[in-house]
Amino acid sequence: MQNVNLCAQTPVLDEIRNVAEGWINEIDLFALHSVENGVGGPFGAALYLYNSATKAHEMIGEMMGNAVLSTGCGSAHAEDRTLNSSHIEILKDRLAQLAPQKYQLYIVMVSSAESCPACHSKEQIVARDLISCGLLDEGHFIVVYGATYQDTAEVAGFHDAPYFEDIQKDIGDGLIKVRHLDVADSPVDIRQALTQSDLADRADQDFCVIVQNGHILSCGHDNLSSYAPFASASYLTIQSACCTQKDQGASQPWNLRGAVLYTTQSDIGPLTYTECQWTNISAIIQIKNTGHSSSTEARGITNQTLFKIVGTPDYSHPNSAVYMMKLGNFANLAQHGWKNRLEQIGDSILYNGIDAA
Ligand SMILES: [Zn+2]
């Protein structure tokens with residue numbers, strides 16, 4: 001990733017900020033509607049394609065809201081759902097159609113709140129994929145948001161900042177324990193799961209197993225594709241574990257209650273780590289010498305580098321593929337609606353992933 005001269009882009013970025021201030025109010029109302037219908041937390045997002053020469057814009061797909069409550073998945077955040085495979089397919093098709101105007105085109109993710117590190121990881125992965133495919137110029141993936149981490153904590157009671165602080169630490173020094181284990185020393189059921197994992201056909205894919213209280217909750221491979229650039233083994237296996245708990249009638253299916261994630265990923269990336277944060281996974285165990293080869297979470301950079309990019313306090317530093325901007329005017333109706341709803345129903349329990357206190 002080359003350094004992008006953002007100073008040269010300043011007029012365009014100001015323009016995008018101005019138009020996004022109009023879009024975000026609609027997204028905020030959409031998020032408020034989601035809260036009132038019990039779908040999820042008070043967050044919404046949408047993806048736009050903006051042409052800086054013609055000033056034309058179009059929404060890619062539809063607005064999406066947080067769906068943690070309805071899906072049971074701890075990271076079913078608005079940005080995650082906005083970057084779903086059907087939206088990525090529409091986006092890639094449009095960018096391919098408009099290829100002659102590529103240098104004028106910007107992807108603008110508008111989110112009602114500052115992205116958590118899990119969503120930021122996904123934004124980086126998608127941006128780098130689009131740039132690597134030659135569909136988007138560097139510096140042209142913009143995220144604009146309304147509420148900061150501090151606003152969200154004060155109004156709605158969700159605490160993202162401790163997770164962001166956590167990923168600034170060295171791997172292994174954070175909230176989630178990370179250690180290595182040779183496959184020969186791993187528990188027998190993990191070895192069996194690996195043996196049954198079509199290893200011969202899928203040795204180029206990572207494999208994960210989630211164990212809770214000595215029982216396997218879920219296991220599986222990557223299912224990465226052109227339209228699903230972050231469908232990694234860890235992401236899918238964690239989602240599957242949450243769905244299993246939901247099917248079993250758990251009141252908080254997104255809380256995996258200190259489960260352990262075994263993975264063949266050779267270098268833990270921020271996507272794996274932050275998905276574990278949101279689902280209360282207490283440890284990540286990297287299984288060595290399994291015969292699997294491991295892919296990186298984002299194209300063209302190591303997982304360690306991506307970890308540093310997502311954990312850097314100045315989001316829009318030169319190595320970042322995503323430029324982030326805070327919007328000046330934001331009513332934050334959805335978060336106030338959430339606060340009022342909790343007060344009305346007398347519910348003060350807010351689940352926020354692994355305990356960062
Ligand atoms: Zn998020």
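The values are calculated or read from the model by the stated rules, or taken from the named source; none is laboratory data. Keep in mind that what you see is a predicted model, and the values were worked out from it rather than measured. Every residue, glycine among them, receives a Cβ derived from its backbone with ideal geometry; neighbour counts consider all protein chains shown. For accessibility, only protein heavy atoms count, side chains too; no ligands or nucleic acids. Shrake-Rupley method; radii C 1.70, N 1.55, O 1.52, S 1.80 Å.
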Inset, instruction - Taking amide H positions as placed in the peptide plane 1.01 Å from N, state which residues far from M324 in sequence (5 or more) or on other chains have amide H under 5 Å from it. - result: V143, S316
Legend entry - Net charge of Cβ neighbours under 10 Å - reference Y50; Lys, Arg +1; Asp, Glu -1: -1
Inset, instruction - Please report, in debye to the nearest 20, how large the charge dipole of segment 169-288 is about its Cα centre when each Lys and Arg carries +1 at its beta carbon and each Asp and Glu carries -1 there. - result: 380
Inset, instruction - Give the long-range amide H neighbours of A147: residues separated by 5 or more places, or on another chain, with amide H under 5 Å away, using H modelled in the peptide plane at 1.01 Å from N. - result: A113, E114
Inset, instruction - With θ set to phi - 60°, apply the Karplus curve 6.51 cos²θ - 1.76 cosθ + 1.60 along segment 40-55 and write out the HN-Hα couplings as whole Hz, x wherever there is a Gly or Pro. - result: x, x, x, 9, x, 7, 8, 10, 10, 10, 10, 9, 6, 8, 8, 6
Inset, instruction - Please find, in a Gaussian network model of the chain (springs between Cα atoms separated by less than 10 Å), the residue of Q248, Q335, Q168 whose mean-square fluctuation is greatest. - result: Q248
Inset, instruction - Apply the Karplus parameterisation 6.51 cos²θ - 1.76 cosθ + 1.60, with θ equal to phi minus 60°, to every residue of segment 18-33 and state each ³J(HN,Hα) to the nearest whole Hz, in sequence, with x for glycine and proline. - result: 5, 5, 5, 5, x, 6, 5, 5, 5, 5, 4, 5, 4, 5, 4, 4
Legend entry - Sequence-distant residues sharing a close amide H with K288 (under 5 Å, placed H): L181, D182, V183
Legend entry - Helix 85-97 axis, angle to the chain major axis (alpha carbon atoms, nearest 10°): 50
Legend entry - Spacing of the two label points (7 Å from each Cα toward its C-beta) at N18 and H159, in nm: 4.1
Legend entry - Cβ charges +1 (Lys, Arg) and -1 (Asp, Glu), total dipole of the chain, debye: 220
Legend entry - Largest to smallest accessible area among S132, S186 [probe 1.4 Å]: S132, S186
Inset, instruction - Can you tell me the FRET efficiency between T10 and S225 if r is taken as the Cβ-Cβ distance and R0 is 45 Å, rounded to the nearest 0.05? - result: 0.80
Legend entry - Candidates V12, V110, V322: whichever shows maximal mean-square fluctuation once the chain is modelled as a Gaussian network with Cα springs under 10 Å: V12
Inset, instruction - Filter the cross-link list K246/K326; K122/K169; K177/K308 down to pairs whose alpha-carbon distance in this structure exceeds 30 Å. - result: K246/K326
Inset, instruction - Kindly write out, for segment 71-78 in residue order, the coupling ³J(HN,Hα) from the Karplus curve 6.51 cos²θ - 1.76 cosθ + 1.60 (θ = phi - 60°), rounded to whole Hz, with x marking Gly and Pro. - result: 9, x, 8, x, 10, 7, 7, 4
Inset, instruction - Kindly list the residues of segment 14-42 that lie in the label zone of H336, defined by a backbone N under 17 Å from the point 7 Å along the Cα-to-C-beta vector. - result: 24-36, 42
Inset, instruction - Report the accessible area of E15, computed with a 1.4 Å probe over the heavy atoms of all protein chains in place, in Å² rounded to the nearest 10. - result: 50
